[in-house]
Amino acid sequence: MKIFKMCAAAACAAAMCSAFAGCANGVVKVESDDGSANYVFKVRGDIAELDDDTTLYDYMCALKERGELEFEAEKGDYGYYITSVEGVSEKSEGASGYSWMIYTDLTELDGVIYSSAEYGTWDYDGLTLNSASYGVDGMPAVEGCTYALVYSAWSY
């Protein structure tokens, strides 16, 4: 039997759906202070057929087929990564830029750490989501868990 440890484990079912104004549509657009848009959704079995092998990429493809989320992804050395969401593309300007990052309340599943506050957090409507440790096709889509696509600045 799978053991799930999530930031909002007790609230991951019906209570979390009530926290999302756009839950009926599957995807909620969230404006940032800087004017950029981010996208949040809770995985639901009525959007896509879920099994042990369903990845976040698979789930996002189902949202795309339903017309609820437009995105593009490219396959890299470590699997697919998101390059554009709703027409906003990643960009790089020398040693800085913007990329689409994944945040989630799925922390651990079957002994694998899928996200950690160590790498950063993102708050939404009373939830604290952790930065994902895996790319979009390495992250499982788990019913009741919340995922956010956040347009984030970076530099090195």
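Here, each number is a calculation from the coordinates, and none is a lab measurement. As the structure is a computational prediction, the values presented were derived from the model and not from experiment. Don't worry about glycine lacking a Cβ; one is built from the backbone with ideal geometry, like all the others, and counts go over all protein chains shown.
Observations on the model:
- Segment 118-156 residues near the modelled TYR78 label - backbone nitrogen below 12 Å, point 7 Å along Cα→Cβ: 132-139
- Each Lys or Arg adds one and each Asp or Glu takes one away; over the other residues whose Cβ falls under 11 Å from the Cβ of ALA62, this sums to -2.
- Taking amide H as placed 1.01 Å from N in the peptide plane, GLY120 has its amide H under 5 Å from the amide H of SER131, each at least 5 places away in sequence or on another chain.
- Between the amide H of ASP105 and those of ASN130, THR146, distances stay under 5 Å, these residues lying 5 or more places away or on another chain, with hydrogens modeled in the peptide plane.
- Other-chain or far-sequence residues with amide H under 5 Å of SER115's (modelled H): SER133
- Segment 23-125: chymotrypsin sites (Phe, Trp or Tyr not before Pro) in DSSP loop, at most 13 other beta carbons within 10 Å: TYR78
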